[in-house]
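The values are calculated or read from the model by the stated rules, or taken from the named source; none is laboratory data. In this text the structure is predicted, and so the values were computed from the model without any measurement. Glycine gets a Cβ as well: all are built from the backbone with ideal geometry, and neighbour counts include every protein chain shown. Ligands, DNA and RNA are stripped out before the accessible areas are found, and what is left, the full protein with its side chains, is counted by its heavy atoms. Shrake-Rupley method; radii C 1.70, N 1.55, O 1.52, S 1.80 Å.
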Amino acid sequence: MNLPLFIGLRYTRARRRNHFISFISTTSMAGVALGVWALITVMSVMNGFHADLRERILFVVSHVTISGQGGQLRDWRGVSRRAAEHSQVRAQAPFILGQGMLTRGGATAGVLIRGISPEREREVSQVLEHITEGEAALVPGEFEIILGATLARSLGVFVGDKVTLVAPKGRVTPAGFLPRLKRFRVKGLFQIDMHQYDSGIALVHIEDAAKLFLPGGGGAERVSGLRLKLADVDSAPRVRRDLAGALGGGYAVRDWSMEHANFFRALEIEKRVVFIVLLLIIAVAAFNIVSTLVMAVTDKQADIAILRTLGMSPAGVMRVFVVQGVFIGVAGTIIGGALGVLTALNIETIIPALENFFNTELFPVDVYVITDFPAQMRWSDVSRVIGAALAMSFLATLYPAWRASRVEPAEALRYE
C-alpha cells in the first residue's frame, strides 16, 4: 500500500490522545452526511412536486390551444383540418369558454364554464376520467353540468340537484341590462386534487354553452377555440410556432407552458435557491474538516518531524492529511447518499406515517396546491450532490495539509 495512504488511514482509525479532535472529526462526518441526506431528499421532493403539478395541470390545460379574435374561432373545422397536417397533432376538440356565477340557495361561486363535446374531450384531456360521482355523459339540450368536487361542496349540491348559472352576456331591455339565467342539473362531479381547478371549473355541453355565451346561439362553425393533444407534450412550444406560422394572422396559438409560464419558472428558481441553501450545510461541514485537520496537524507535529527525518517528502506529508480529510468527507457522503436515496424512494410512505404519529396534516388541502406528497429521485441530482460534497471535502483538506508539509523537523522536535 502507498505509504501516505497507509498513514492517513491509520490516523483516521487510531485512538487519539485529544478526544476533542475525535469529536470534531465525527461531527464533520455527520455534518456532511446530514447535508447530503437533506439535499437529495429535498431535490427529489421538489422534482416530484414539479412532475405531479405538471401532470395535474395537463389534466385540464390542453397541450396547444388555437383561438380566434374576439373570443370566437370561425370555421373551426377548416382550422382543424390544417392543424391535423402537423405530425405531432394526435387529437383535437372544440370548446366554448365563458365566465359565470353559479348559485344555489344562498351560496354563490364564480366559475369558468367550459363547453365541451364529451366524446372529443376525452381525446385531449383527462378531466372526464376523474369523475368521482355521477356520469360524464352530457346530453345537448338537457342543460346538464359537471362540477369540481370542491365547488360542489362550497355550493352544497350533490348529483341530481339544480344550480342556476348567471351568465354576464345578457340582454338589454327597457328596464335595463338583464343577465342571462339558466338552471342546470348536476350530472357529475370530478376531482383532480388541485384546488384551483376543483373549485373553479364547470363543464357543460358545447351546444348548451353556445346558447349562453355566443351571440345568436353560436352555430356549428363558431366556437371559442380548438384544444390539441400532441404526441410529445414537451414539443408544444415548437408545435405552437409551427402552427402560428402555418395559420397566419388572425389566430392566437398558445401552448401549455405559456399558460403557467411564471409558475414553472418560479419552481425552477426555487429549486436552484434551495439547492444552494442546502449546499451550505455541506460547506459548514467542510469547514469543520478544516478545523479537524488543523488541530490534527498541531497534535501530530512530532510525528510529522519524524516522518520528514526518515525521508518523507513534503508532498508525501501533505498527502497523508489529504487522505485523512478526504476519508471523513467520503464516509459522510456515502452515509448521507444512502440515507437520501432510501428516504427519497420511500417518502410517500414516511410522510403519512409521520402525520399519523403526530396526528397532524403536514400539507392541508386548502393551503397547498396538491394534497399528496410525491417524490421523484433522479440519479443526475444524486450524482451532482455527491460530486459537490466530495469536491468541497477535498478542497477543505488542502490548506491544513499544506501547513503540515511546511513543518520544520528541528523546530517541531525542539521541545520533545
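What accessible surface, in Å², does a 1.4 Å probe find on Tyr399, ignoring ligands, DNA and RNA and rounding to the nearest 10?
My reading of the accessible area for Tyr399 is about 120 Å².
Suppose all protein chains stay in the model; what accessible area per residue would a 1.4 Å probe give for the range 47-206, in Å²? Before the final figure, lay out the partial values.
Values: 7170 Å² over 160 residues.
For the range 47-206, the per-residue accessible area is 45 Å².
Relative contact order (percent) for the chain, with alpha-carbon contacts under 8 angstrom and 6 or more residues of separation?
Numbers: 724 pairs, mean separation 120.1, N = 416.
RCO, the chain: 29 percent.
For the chain, just say rounded, prolate or oblate: build the C-alpha gyration tensor, square-root its eigenvalues into a ≥ b ≥ c, call rounded for a/c under 1.5, and beyond that prolate if a/b exceeds b/c, oblate if not. Don't jump to the answer; show the numbers that get you there.
On the way: a/c = 4.37, a/b = 2.86, b/c = 1.53.
Here the chain falls in the prolate category.
Using only the Cα atoms of the range 185-270, build the gyration tensor, take square roots of its eigenvalues as a ≥ b ≥ c, and label the shape rounded, prolate or oblate: rounded if a/c is under 1.5, else prolate if a/b is larger than b/c, else oblate. Kindly include the intermediate steps, with their values, before the conclusion.
Numbers: a/c = 2.44, a/b = 1.18, b/c = 2.07.
Verdict is oblate for the range 185-270.
In deg cm²/dmol, rounded to 500, what helix-only [θ] at 222 nm does the chain give when every DSSP H run of at least 4 residues adds -39500 (n - 2.57) and the total is split over its residues?
Numbers: 15 runs with 226 residues, N = 416.
Mean residue ellipticity, 222 nm, calculated: -18000 deg cm²/dmol.
Compute the Kirkwood hydrodynamic radius of the range 232-375, taking the inverse of the mean of 1/r over all pairs of distinct Cα atoms, and give it in Å to one decimal.
Numbers: mean 1/r = 0.0464 Å⁻¹.
Evaluated over the range 232-375, this radius sits at 21.6 Å.
Taking the Cα centre of the chain as the origin and placing charges on Cβ (Lys, Arg +1; Asp, Glu -1), which of Trp379, His130, Phe394 is farthest toward the positive end of the dipole?
In the chain, that residue is Phe394.
Which angle from 0 to 90°, rounded to the nearest 10, does the C-alpha axis of helix 3-13 make with the longest principal axis of the chain?
70
Put +1 on the Cβ of every Lys and Arg and -1 on every Asp and Glu Cβ in the chain; which of Ile282, Leu228, Thr26 then has its Cα farthest towards the positive end of the dipole?
Result: Ile282, furthest along the dipole toward the positive end.
Give me the lysines in straight-line cross-link reach of Lys162: C-alpha distance below 28 Å, same-chain residues under 8 apart excluded.
Straight-distance partners of Lys162: Lys182, Lys187, Lys211.
To the nearest 20 debye, what is the magnitude of the charge dipole of the chain about its Cα centre, counting +1 on the Cβ of each Lys and Arg and -1 on the Cβ of each Asp and Glu? Present the calculation step by step, with values, prior to reporting the outcome.
On the way: 44 positive and 36 negative charges, 167 e Å.
Charge dipole of the chain: 800 debye, to the nearest 20.
Give me the accessible area per residue for the range 261-320, probe 1.4 Å, as a whole number in Å². Walk me through the numbers before you get to the answer.
Values: 3180 Å² over 60 residues.
I get 53 Å² per residue for the range 261-320.
Can you tell me the orientation of helix 314-345 relative to the chain, as the angle in degrees between its alpha-carbon axis and the longest Cα principal axis, to the nearest 10?
In the chain, helix 314-345 runs at an angle near 30 degrees to the longest axis.
Which angle from 0 to 90°, rounded to the nearest 10, does the C-alpha axis of helix 379-405 make with the longest principal axis of the chain?
20
According to the square roots a ≥ b ≥ c of the eigenvalues of the Cα gyration tensor, what is the shape class of the range 65-206, taking rounded for a/c under 1.5, prolate for a/b larger than b/c otherwise, and oblate for the remainder? Kindly include the intermediate steps, with their values, before the conclusion.
Numbers: a/c = 2.20, a/b = 1.26, b/c = 1.74.
Note, shape of the range 65-206 comes out oblate.
Would you calculate the separation in nanometres between label points at Glu270 and Arg183, each defined as 7 Å from the Cα along the Cα-to-beta-carbon direction?
Between Glu270 and Arg183, the label points sit 4.4 nm apart.
Give the relative contact order (percent, whole number) for the range 83-133; include only Cα pairs under 8 Å separated by 6+ residues.
33 percent.
Counting only protein heavy atoms and using a 1.4 Å probe, what share of the accessible area of the chain belongs to carbon plus sulfur, as a whole percent? Please list the in-between numbers first.
Values: 12170 of 20850 Å².
Percent of accessible area from carbon and sulfur atoms in the chain: 58.
Between Phe394 and Met101, take the C-beta separation as r, use R0 = 51 Å, and let me know the FRET efficiency to the nearest 0.05.
It comes out at approximately 0.20.
R0 = 41 Å: FRET efficiency of Asp234 with Thr108, Cβ-based, nearest 0.05? Kindly include the intermediate steps, with their values, before the conclusion.
On the way: r = 40 Å, r/R0 = 0.97.
That pair, Asp234 with Thr108, gives E of 0.55.
Among Leu212, Leu230, Leu247, which one shows the biggest mean-square fluctuation in a GNM of the chain, springs joining Cα atoms closer than 10 Å?
So, out of Leu212, Leu230, Leu247, the one fluctuating most is Leu247.
Can you work out the FRET efficiency for the pair Leu345 and Glu408, with r the C-beta to C-beta distance and R0 = 41 Å, to the nearest 0.05? Each step should come with its number before you reach the end.
Working: r = 53 Å, r/R0 = 1.29.
In this case the efficiency is close to 0.20.
Sort Ser44, Ser291, Ser67 by accessible area with a 1.4 Å probe, largest first.
Numbers: Ser44 5, Ser291 55, Ser67 30 Å².
The residues order as Ser291, Ser67, Ser44, largest area first.
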